[in-house]
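This report refers to the structure that appears directly beneath it.
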Amino acid sequence: MGIERATHYGNVQFYNDGNRTQSDDDWNDENKTASWWGYTWPRSYTLDRVVYTTGNMFSDGGWFAQNLRVQVRTNGTWTDVAGLTASPSYPYNSTAGPNHTYRFDFAPTAGDGVRIIGVPGGTRTFTSIGELEAYYSGGAGGTPAKYWVDTSPTAPVYGSPTSTTQTGTLNAGTNYVYCKVWGRQIGDATTYNHWWLKTDPDVGPANQYVSAYYLSRWGNDEAKDNNGTVIPDC
């Protein structure tokens, strides 16, 4: 069940419908000191990652102003997680969005609820949301680790790093990939890349490959996420 400090339009289904281009917010004409977005469940789960996609930004709010963190609920008590890191770093102003994705990793923690919480920004003190994902990325049977990258323009995907038969497309924007494999070169003699990134495209079957040539932030034969972390080999 989705939880929040308030909801402007009541679109709770936006939180986990897989569409990161939507937006709701918690504007309610109240001077708030805290804003949060999260989930509670009827049983406990082990978690070590939350992925937050912002919603729209406005002249008077939509972002967190300070102290953005992750909390897990255990025995009815919300507690800050340990070892929290953010990728990329959250900027605490309107440049946080709109519809930008931030990954928060932390030490494995068990609980029956999880949320992001912080001080809301702007003169109207509210934040926005496009999507909120919760994962356990480590250990046997856990969800595979995702690495968030900016890609442009819309890119073709293939069933393998050597295939020339297109199987789908990956839309331009912030996307996740799992790992990298060396394959055929995409580009020309000046701008090129041999790395291919395993991903789930917007169109076509899951577990396909997109060339790292389409990464917006990096150069020839580089394959890093938005935080500069080298994407691991498959």
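Of all residues in region 2-22, count the ones that are in contact with a strand residue (DSSP E or B) (Cβ under 6 Å, 6 or more places away or on another chain), over 15 Å from N56 (Cα atoms), of a type in the set (D, E, K, R) and not in a strand (DSSP E or B).
Total satisfying the criteria: 1.
Would you please list the contacts, defined by Cβ atoms under 7 Å and residues six or more apart or on different chains, that run from a residue in region 66-86 that is touching a residue at least 12 places away in the same chain (Cβ under 8 Å) and under 18 Å from I3 (Cα atoms) to a residue that is aromatic (F, W, Y) and open to solvent by 60 Å² or more (accessible area, probe 1.4 Å)?
Close Cβ pairs (under 7 Å, with a partner that is aromatic (F, W, Y) and open to solvent by 60 Å² or more (accessible area, probe 1.4 Å)) amount to Q71/W78.
Return the total of residues in region 47-80 being in contact with a strand residue (DSSP E or B) (Cβ under 8 Å, 6 or more places away or on another chain), of a type in the set (G, A, S) and part of a loop (DSSP other than H, G, I, E, B).
Final tally of qualifying residues: 1.
Among the listed residues L197, L215, identify the single one that is among the aliphatic types (A, V, I, L, M), in contact (Cβ under 8 Å) with a residue 60 or more places away in the chain and open to solvent by less than 30 Å² (accessible area, probe 1.4 Å).
L215 is the lone residue from the list that is among the aliphatic types (A, V, I, L, M), in contact (Cβ under 8 Å) with a residue 60 or more places away in the chain and open to solvent by less than 30 Å² (accessible area, probe 1.4 Å).
Results for (1) in a strand (DSSP E or B); (2) closer than 15 Å to W37 by Cα, shown as yes or no for each residue.
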| position | (1), (2) |
| --- | --- |
| A82 | no, no |
| T95 | no, no |
| P98 | no, no |
| F106 | yes, no |
| D112 | yes, yes |
| R115 | yes, yes |
| G118 | yes, yes |
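State all residues of region 83-101 that are among the aliphatic types (A, V, I, L, M) and either open to solvent by 60 Å² or more (accessible area, probe 1.4 Å) or touching a helix residue (DSSP H, G or I) at 6+ places or on another chain (Cβ under 7 Å) (or both); if no residue qualifies, say none.
L84 - this is the single residue of region 83-101 that is among the aliphatic types (A, V, I, L, M) and either open to solvent by 60 Å² or more (accessible area, probe 1.4 Å) or touching a helix residue (DSSP H, G or I) at 6+ places or on another chain (Cβ under 7 Å) (or both).
Taking Q166 as the residue in question, decide whether it is modelled with pLDDT of 95 or more, open to solvent by 40 Å² or more (accessible area, probe 1.4 Å) and more than 21 Å from A34 (Cα to Cα). Working first, answer last.
Working: modelled with pLDDT of 95 or more: yes; open to solvent by 40 Å² or more (accessible area, probe 1.4 Å): yes; more than 21 Å from A34 (Cα to Cα): yes.
For Q166, the condition - modelled with pLDDT of 95 or more, open to solvent by 40 Å² or more (accessible area, probe 1.4 Å) and more than 21 Å from A34 (Cα to Cα) - is met.
Tally the residues that are open to solvent by 20 Å² or more (accessible area, probe 1.4 Å), of a type in the set (S, T, Y) and at pLDDT 85 or above, restricting the search to region 108-156.
The qualifying residues number 6.
Does Y39 satisfy being under 13 Å from the mean Cα position of the chain (by Cα) and open to solvent by less than 30 Å² (accessible area, probe 1.4 Å)? Spell out how you get there, then give the answer.
Numbers: under 13 Å from the mean Cα position of the chain (by Cα): no; open to solvent by less than 30 Å² (accessible area, probe 1.4 Å): yes.
Considered against the rule, which asks whether it is under 13 Å from the mean Cα position of the chain (by Cα) and open to solvent by less than 30 Å² (accessible area, probe 1.4 Å), Y39 comes out as no.
So, in region 65-82, exactly how many residues are open to solvent by 20 Å² or more (accessible area, probe 1.4 Å) and within 18 Å of D26 (Cα to Cα)?
Result for region 65-82: 4.
If the requirement is being among the small types (G, A, S), under 20 Å from Y176 (Cα atoms), open to solvent by less than 60 Å² (accessible area, probe 1.4 Å) and in contact with a helix residue (DSSP H, G or I) (Cβ under 9 Å, 6 or more places away or on another chain), which of these qualifies: G62, G55, G2?
Answer to the check: G55.
One residue is enough: does region 174-191 have a residue meeting the conditions out of contact with any Lys or Arg (no Cβ under 7 Å at 6 or more places or on another chain), under 24 Å from Q13 (Cα atoms) and touching a residue at least 40 places away in the same chain (Cβ under 8 Å)?
yes
The values are calculated or read from the model by the stated rules, or taken from the named source; none is laboratory data. Quick caveat, the model's predicted, so the values are computed rather than measured. Cβ: placed from backbone, ideal geometry, glycine included. Neighbour counts: every protein chain shown. SASA here: full protein model, heavy atoms, side chains in, ligands and nucleic acids out. Shrake-Rupley method; radii C 1.70, N 1.55, O 1.52, S 1.80 Å.
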